[in-house]
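The values are calculated or read from the model by the stated rules, or taken from the named source; none is laboratory data. What you see is a predicted model; the values in this text were computed from it and never measured. Reconstructed Cβ throughout: ideal geometry from the backbone, glycine too, with neighbour counts over all protein chains shown. Each accessible area value is taken on the protein alone, full model and side chains, heavy atoms only, with ligands, DNA and RNA left out. Shrake-Rupley method; radii C 1.70, N 1.55, O 1.52, S 1.80 Å.
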Amino acid sequence: MSAYNTTVVNKAGRDLRLGVLLTICLVFLQEGLSYYISFQLLALMSMGMAVMSRVKSVSLTTVSVLAFVAFILSFVLTGKLAPQVISKNSSSIAVVVFGMSSYAAWIYFTPRMKLRDAYGLLTTFRFAAMATILSLATLMLISETRLVPFLTRQALLEQNARLIDNFTNLEAIEADMELRALLTDKGERIDLFYGEPSFLAIVIFVCAVSFVLSTRMLDRDPRRPSSQGERSTAYKLVVWSSALMLLYLQSLSSIIYALFLTYFLVFRGLLARSKWWVNLFALLVFLMVFATFSYDYLVYRLTMGESLSFVQRFGFLLNLGWSDLLLGIKDASVLPEFGIHNGVLYVIAVAGAGGIAFIAVLLQCVARLSAWVQLSGLLVTLMLAVMSQNGGVFMPGKVVLFSLIMVPLACGQSLLDEQQTWAEGGRVD
């Protein structure tokens, strides 16, 4: 075997091992012995090493640099004047500020990186996203059949007591299960290894979009044989499985994600060029699944007198004054009792106008880099969904989810640059 072929085989093996590792980490994202010994940190470190070993340069603009500097300065100032706004339980706010600033920098600058071997990294992320979706679908199916005693809804809910970022105990979980069964007649929730159905939903949503994003980028590289990705059985299986799982979860978040996913990827994607009877059949299947598993729960949630989840995520917005929006919160007494559950509001709370600029420039970058594969609207929606989901924006688990989008975006831009160099007869590294 020639040296070139040996190198290709070694790269393929390395990418496959990384894909398998990322899949395991994503399925068990919130599992671990502690915050520092966990699958979320293992996933983040693996992604970081894979990306940093391929970085050629970082493409920056004056606006992007100024927006990030404004965010960091405002963030540091809040840490000095009102550390409880950033974290109520930290023993060292300086360490927290440094760590969160590092995570923020990773999210912000990763899509602006120019990478070597972008094709290999893109195939790795596509494989990991697809394998995660299929693994979660298999686990969900097994848990519903009750064939495996430790993989049932109740058993999986009870194991949440030991998740690294869960602060409830087994007694509280059992009481919640009894109350939910009494009030809603829905029985146990479906959350697998994520602590709540909405977090499982956001993982499915992110993986599905990451898979589609990577597939479209790979299919649009004219230098390589077309994989017919968007017309392949695997592509259709992942998209349909994701949409149906989201509808089946019976969470308000999952239903909303399912509607977005179906609109962008099915009715504007898979079915856009299909015959009318295929479209009609798909619509009937979707409506049947929606009516069977999601309609009653959606009506229940929308007609509730007061939704604690909604109040926790968005109610805090009513308490923000103009000074808070401009400078960030500097008085910890105005914080809600249970913390800020909406990540968008958290970024604004800790950095004011600097946080608004951070979010705006980040979303603009995502929309611009995904425009050539016609996914700007879906990706901006996804970014806001990940931010708004319960849990800190600049925490390892969330950063891993962001990376499933940011790294393929960087790879896509690198592939475009390589295509231009190749078309001009230049040398591609």
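Observations, loosely collected:
- Pairs from the list Lys236/Lys398; Lys11/Lys398; Lys56/Lys80; Lys114/Lys398 with a Cα-Cα gap above 31 Å: Lys56/Lys80.
- Protection proxy ranking, peptides 381-387, 209-215, average beta carbon neighbours within 10 Å, highest first: 209-215, 381-387
- Extension gain, Leu326-Gln84: 0.36 nm per intervening residue step, less the Cα-Cα distance, totals 85.3 nm.
- Our analysis of the stretch 71-116 gives Rg over Rh at 1.11, with the two radii drawn from alpha carbon positions and Rh computed by the Kirkwood formula.
- For the set Tyr248, Tyr257, solvent exposure ranked by accessible area (probe 1.4 Å, protein chains only) runs largest to smallest as Tyr248, Tyr257.
- Protection proxy ranking of 231-241, 54-64, by the mean of other Cβ atoms within 10 Å over each peptide's residues and highest first, is 231-241, 54-64.
- Protection proxy ranking for 149-158, 71-80, 42-51, 349-358, using the average of other Cβ atoms within 10 Å per residue and placing the highest first: 349-358, 71-80, 42-51, 149-158.
- Accessible surface, the stretch 7-157, averaged per residue in Å² (probe 1.4 Å): 49 Å²
- Summarising the amide proton neighbourhood of Leu115: residues at separation of 5 or more, or on other chains, whose placed amide H is nearer than 5 Å comprise Lys56, Ser414.
- Taken per residue, the accessible surface of the stretch 344-410 reaches 21 Å², heavy atoms only and a 1.4 Å probe.
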